[in-house]
Amino acid sequence: MSDFNKVILLGRVTEKPELKKIPSGTSVVEVNLHMKRVFVNNQGEERTVNDWADVTFWGRQAETICQYIGKGEPLFVEGRFKYRQWESQEGKKRSKVDVSAENFQFISTSQSQGSQETPESLIPYFNRAVVMGRLTRDPELRSIGNDRLVTTISLATNRNWTDANGQKQEETDFIDVDFWGKEAEE
């Protein structure tokens, strides 16, 4: 089985990006994207849910993002989930799953009269991920208030590539996935 890890997002940037350099001199920027999902609940009511995703851009992409994108502007991103671990200044182990950008595109929309921000109605929010990997533990089914069910699985996905020195590299990312309602029971 091949592993697969693909994320596609279209949302608004929540803050003006700030360019940073890592010790090697490579540029990096982390952008937080806000997306909305609209769905109809079991009572037939239309509901809106807000989602946020941290996206990391590297090198020239990071520099371009910082040069041309501002708070509230729409951005399309393709990438993959990336699992990171580090130790805090207090010595505590931390981990996070974010999106490592592989491609992006600025979204051009009509501006309302003299406004710097794109009107809300012109953003077609999008938040999709396709992940295929190996289960790292048995699925965990639990009930959350009012008998609402959720099942959590943990997947490991491998990525192989050749680095700039011609050396074969392999990286494993760990991604937790939640299934809700009827999907949780299956």
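The values are calculated or read from the model by the stated rules, or taken from the named source; none is laboratory data. It should be emphasised that the depicted structure is a prediction, and the values quoted were computed from it without experimental measurement. Here Cβ is always computed from backbone atoms with ideal geometry, including for glycine, and neighbour counts include all displayed protein chains. Surface accessibility is based on the protein's heavy atoms, side chains included, excluding ligands, DNA and RNA. Shrake-Rupley method; radii C 1.70, N 1.55, O 1.52, S 1.80 Å.
Quick notes on this structure:
- Test: residue in segment 105-118 that is out of contact with any Phe, Trp or Tyr (no Cβ under 9 Å at 6 or more places or on another chain), part of a strand (DSSP E or B), open to solvent by 40 Å² or more (accessible area, probe 1.4 Å) and modelled with pLDDT of 85 or more: no
- Cβ pairs under 7 Å, 6+ apart, first in segment 168-186 and touching a residue at least 12 places away in the same chain (Cβ under 8 Å), second outside any strand (DSSP E or B): Phe174/Thr136
- Neighbours by Cβ (under 9 Å, 6+ apart or cross-chain): first from segment 36-62, part of a loop (DSSP other than H, G, I, E, B); second open to solvent by 90 Å² or more (accessible area, probe 1.4 Å): Asn41/Arg47
- Index of the failed condition, Glu78 passing every other in (1) in contact (Cβ under 8 Å) with a residue 60 or more places away in the chain; (2) buried (at least 17 other Cβ atoms within 10 Å of the Cβ): (2)
Here's the yes/no breakdown for (1) under 22 Å from Val131 (Cα atoms); (2) open to solvent by 90 Å² or more (accessible area, probe 1.4 Å); (3) small (Gly, Ala, Ser):
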{"residue": "Phe4", "(1), (2), (3)": "yes, yes, no"}
{"residue": "Ile8", "(1), (2), (3)": "yes, no, no"}
{"residue": "Pro17", "(1), (2), (3)": "no, no, no"}
{"residue": "Arg37", "(1), (2), (3)": "yes, yes, no"}
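- Within segment 63-75, considering residues that are outside any helix (DSSP H, G or I) and open to solvent by less than 50 Å² (accessible area, probe 1.4 Å), the one modelled with the lowest pLDDT: Gly72
- Every listed requirement among (1) of a type outside the set (Gly, Ala, Ser); (2) surrounded by 18 or more Cβ atoms within 10 Å (Cβ to Cβ); (3) touching a residue at least 60 places away in the same chain (Cβ under 8 Å) is met by Leu33 save one, (3).
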